[in-house]
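Comments concern the structure below.
Throughout, read-outs are computed from the coordinates displayed, never taken from laboratory work. Here the structure is a predicted model, which means the values were calculated and not measured. Positions of Cβ are backbone-derived with ideal geometry, glycine not excepted, and every protein chain shown enters the neighbour counts.
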Amino acid sequence: MTSLSDLKHLKRLYYLATNKFLLMATTITLAAAVLLLQAAQWIAPIDELLSQLRDLRPINLLLAAILPTAMLRIYSYLIRHPRNVYLVDYACFRTSYKYRAPKATFLEHAHISPFFGESTTKFIARVIERSGMGEDTLVPPALYYVEPDCSLDEGRSEAEMVIFSTIDDLLAKTCIALDAIHVLITNCSLFCPVPSIADRIVNRYALQDDIRVINLSGMGCSAGVTAVGLAKNMLQIIPSGSHVLVVSTETLGPEYYKGNVRSMHLGNILFRVGGSAMLLSTCKHRARFKLAHVERTLFGADDAAYRCVYQEDDPEGNIGLTLSKDLMAIAGETLKANMTAIGPLILPTSELIKYFLFSTARKVLHRRKIRPYIPDFRMAFEHFCIHVGGPAVIDSVQLGLNLSDEHVEPSRMTLHRFGNQSSASVWYQLAYIEDKGRMRKGDRVWMIGFGAGYKCNTAVWVCIQPSPNANGPWASCIHRYPVDVSKEG
Ligand SMILES: CC(C)(COP(=O)(O)OP(=O)(O)OC[C@H]1O[C@@H](n2cnc3c(N)ncnc32)[C@H](O)[C@@H]1OP(=O)(O)O)[C@@H](O)C(=O)NCCC(=O)NCCSC(=O)CC(=O)O
């Protein structure tokens, strides 16, 4: 044991030494080598030295003055320049037909439930028909009991069912050794057991004892993008070439709402089982996407935004998640703010000029008859992965960004096949685009997450290498998609 842990510490020291000091050492060695080369010519008797000094050309003197400064500049640039971050690969939980919930089964369950009144079951029936979901979405095993088993144990086993198989898939895809994972970040908004889900993963895979672990909870459906942003930041400070494992999921069983308040029922109706695991690194070798940007927008200071997705007790004391009717408008505002922040980084100059001209004209002419110009984000991205909040969420983003039906197809089809899988849903959409064979090298993807807080977090990816085969969560059904959702419900 002692020798093993000594070995680990030595390895860690080696990493530190190589990373922190390698750059400095290289620079100093280079500088020294250049100086020595110069000096070697000068090491000679003093009169020879003096005559050589007299013979020195101005270019030599200039080089001697500039070289060390330039070296120092290059060194400090390299130190400060952020490292590129890559997505080595990702995996999504493959649903099992065992826990499939056709609409009729879901409704029958609501009818025989001891908790729900008639008006609630009517509401459920109406919304599920209009939900944009198909017949193959997955509910947690806990809901297969007529009185759902919302216990902690059941919650743990639901989380483990999703997370372990997804991580196993990712490990098999990437062939990464477990000790090459230096940071683990998990996000699960509603279910927050002690020890955390992240701790459970460390325990199950016996990850190394110096791994940094971060567990995000209560952060809503945009927390997957938050986790990616966090991974990006961690990769700037840990040894270069390290790996960060990010796991995004939602565990639903323990949070099943048992009351009769409509706005608290939408979660029961729309949320479905799902999970994703992503491996990020600063090493480009075998990476599939490059992370170009992460932009996080939080409207938490605004009371309406803060309360629009809110976990609370209903008047009977049943805990549930209230989804306010204001959600769509607030999501729109957060998206606008996010677009304003990320636009200058990704939009072509022509769009930026148009935007500038329109805003100036509006200011000068005091907004008379000039509508604000919404830049064309279709010029910056080939693909969009929009959080599958519900049909109304997808509709409003489509309208706001002026996207075609094909642009929102991954989002609508994910809702149809898998339901609202919270933070994991954007990864199912990425898998859809890849499995449909639409991803090309160099394509840019905009992942848009919305979530409690209220937040709009987005990530921009650039494809390095599309998936060589369609063996993800869509493998068994991609041939059936797209389906015409307008004919359903
Ligand atoms: C729920 C829907 C599928 C219903 O579709 P419809 O086409 O039928 O739309 P509709 O507006 O006519 O609504 C039908 C009935 O539901 C009621 N209704 C709609 N939204 C409601 C809400 N938040 N609270 C209470 N009731 C609500 C309407 O008043 C209406 O009833 P009546 O006719 O009696 O007045 C859609 O509105 C939708 O996609 N809403 C967005 C759901 C959402 O909030 N998703 C975010 C999940 S959270 C998430 O993913 C992440 C996050 O943000 O954290």
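Side notes on the structure shown:
- Rounded Å value of the spacing that divides the Cα centres of the stretch 279-324 and the stretch 348-384: 28 Å
- Thr105, Thr166 arranged by Cβ crowding within 10 Å, fewest neighbours leading: Thr105, Thr166
- Estimated FRET transfer efficiency (Ala329, Val194; beta-carbon r; R0 22 Å; 0.05): 0.05
- Positive-end residue, the chain charge dipole about Cα centroid, Cβ charges, pick of Thr69, Ile346, Leu321: Thr69
- The stretch 265-409 - Kirkwood radius from inverse mean 1/r over Cα pairs (Å): 18.5 Å
- Between helix 223-237 and the chain: long-axis angle, C-alpha atoms, 0 to 90°, nearest 10: 20 degrees
- A convex hull fitted to the Cα coordinates of the chain yields 203 cubic angstrom per residue.
- When you filter the GluC sites (Glu not before Pro) in the stretch 281-386 for DSSP loop state and at most 11 other Cβ atoms inside 10 Å of their Cβ, you are left with Glu316.
- Helix 327-346 axis, angle to the chain major axis (alpha carbon atoms, nearest 10°): 20 degrees
- Between amide H atoms placed 1.01 Å from N, distances below 5 Å from Gly274 occur with Glu250, all of them 5 or more places distant or on a separate chain.
- Share antiparallel - DSSP beta bridges, the chain, percent rounded to 5: 70 percent
- ³J(HN,Hα) computed for each position of the stretch 173-182 - Karplus, 6.51 cos²θ - 1.76 cosθ + 1.60, integer Hz, glycine/proline x: 5, 9, 6, 7, 6, 4, 7, 8, 8, 9
- Centroid-to-centroid separation of the stretch 421-489 and the stretch 211-238 [C-alpha atoms, Å]: 20 Å
- For the stretch 402-458, the relative contact order comes to 25 percent (Cα pairs under 8 Å, sequence separation of at least 6).
- Modelled label positions at Asp153 and Lys284, each set 7 Å beyond Cα in the direction of Cβ, lie 5.3 nm from each other.
- Nonlocal amide H pairs with Thr322, under 5 Å, H built at 1.01 Å: Tyr310, Gln311, Glu312
- Within straight-line cross-link reach of Lys98, aspartates and glutamates at Cα separation under 14 Å, skipping those fewer than 8 residues along the same chain: Glu135, Asp136, Glu158
- Taking the charge dipole of the stretch 260-339 about its Cα centre, with +1 at Lys and Arg Cβ atoms and -1 at Asp and Glu Cβ atoms, the residue from Leu335, Gly267, Val309 reaching farthest to the positive side is Leu335.
- Amide H partners (placed H, <5 Å) of Leu216, local residues excluded: Thr186, Asn187, Cys188
- Spin-label model, Glu312/Ala475: points 7 Å from Cα along the beta carbon direction are separated by 4.5 nm.
- For the chain: relative contact order, % (alpha-carbon pairs under 8 angstrom, 6 or more apart): 19 percent
- Shown here for the stretch 419-489: trypsin sites (Lys or Arg not before Pro) in loop regions (DSSP other than H, G, I, E, B) with at most 10 other Cβ atoms within 10 Å, namely Arg440, Lys441.
- In sequence order, the stretch 129-135 has phi-based couplings of 5, 9, 6, x, 8, x, 9 Hz under the Karplus curve 6.51 cos²θ - 1.76 cosθ + 1.60, θ = phi - 60°, and Gly or Pro positions carry x.
- Under the Karplus curve 6.51 cos²θ - 1.76 cosθ + 1.60, θ = phi - 60°, whole-Hz ³J(HN,Hα) for the stretch 460-472, x wherever Gly or Pro sits: 10, 10, 10, 6, 9, 8, x, 4, x, 8, 8, 10, x
- Checking every one of the chymotrypsin sites (Phe, Trp or Tyr not before Pro) in the stretch 196-304 against DSSP loop status and a limit of 16 other Cβ atoms within 10 Å picks out no site at all.
- Signed unit charges on C-beta, dipole axis of the chain, positive-most listed residue Gln421, Pro193, Val146: Gln421
- Flagged links, alpha-carbon separation over 32 Å, of Lys258/Lys436; Lys354/Lys455; Lys173/Lys325; Lys232/Lys363: Lys258/Lys436; Lys173/Lys325; Lys232/Lys363
- The slack between Ser165 and Ala64, meaning 0.36 nm per residue of separation minus the straight C-alpha distance, is 30.3 nm.
- About its Cα centre, the dipole of the chain is roughly 1800 debye, where the only charges are +1 on Lys and Arg Cβ and -1 on Asp and Glu Cβ.
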